[in-house]
Amino acid sequence: MNFPDDENGALLKEMADAGIDLNQTHAVDFFHLFEKKPQAEKMVEVIGQKYPQASVEICEDETPGVWDVNCTVEIEPSYDNVCEALKAFETIAEKCNGYADGWGIMAE
């Protein structure tokens, strides 16, 4: 399998090399960080409205004063699918004064 030469392509290549079947549906987690809890709560609200199929959790980060919003969707982790979801969630995070902090698949 060939992967684009960028951060997402590199992560997908690592997953494929580790034996993860990227042609199957997986729970893919997208991570976001916020400096204020109300901003994080706003993202959770917007995700719930726009993407009701997504599972969303908010928790306090190990760094004091930082809040995590983790969005999980069941998708086939192709490069295009990951980039599309990443951009959609990133746009919402930025509108809520947060930022994307990566993505991944939980190892089974």
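All told, residue 48 falls short of being over 17 Å from residue 11 (Cβ atoms), among the small types (Gly, Ala, Ser) and in contact with an Asp or Glu (Cβ under 7 Å, 6 or more places away or on another chain).
Applying the condition of being in a strand (DSSP E or B), free of Cβ contacts under 8 Å to residues at least 24 places away in the same chain and aliphatic (A, V, I, L, M) to the stretch 25-59 and asking which residue is surrounded by the most Cβ atoms within 10 Å (Cβ to Cβ) yields 56.
Scan the stretch 60-79 for residues that are assigned to a loop (DSSP other than H, G, I, E, B), within 21 Å of residue 8 (Cβ to Cβ) and touching a strand residue (DSSP E or B) at 6+ places or on another chain (Cβ under 7 Å) and jot them down. Selection gives 77 alone. For the residues 12, 22, 86, the requirement of being free of Cβ contacts under 8 Å to residues at least 60 places away in the same chain and not in a strand (DSSP E or B) singles out 22. Of the residues 102, 19, 65, the single one that is at positive phi, surrounded by fewer than 15 Cβ atoms within 10 Å (Cβ to Cβ), touching a helix residue (DSSP H, G or I) at 6+ places or on another chain (Cβ under 9 Å) and not polar (S, T, N, Q) is 102.
Just so you know, all these numbers are worked out from the coordinates, no wet-lab data involved. No experiment lies behind these values; they were computed from the predicted model shown. Quick reminder, even Gly has a Cβ in these numbers, built from the backbone with ideal geometry, and neighbours come from all protein chains shown.
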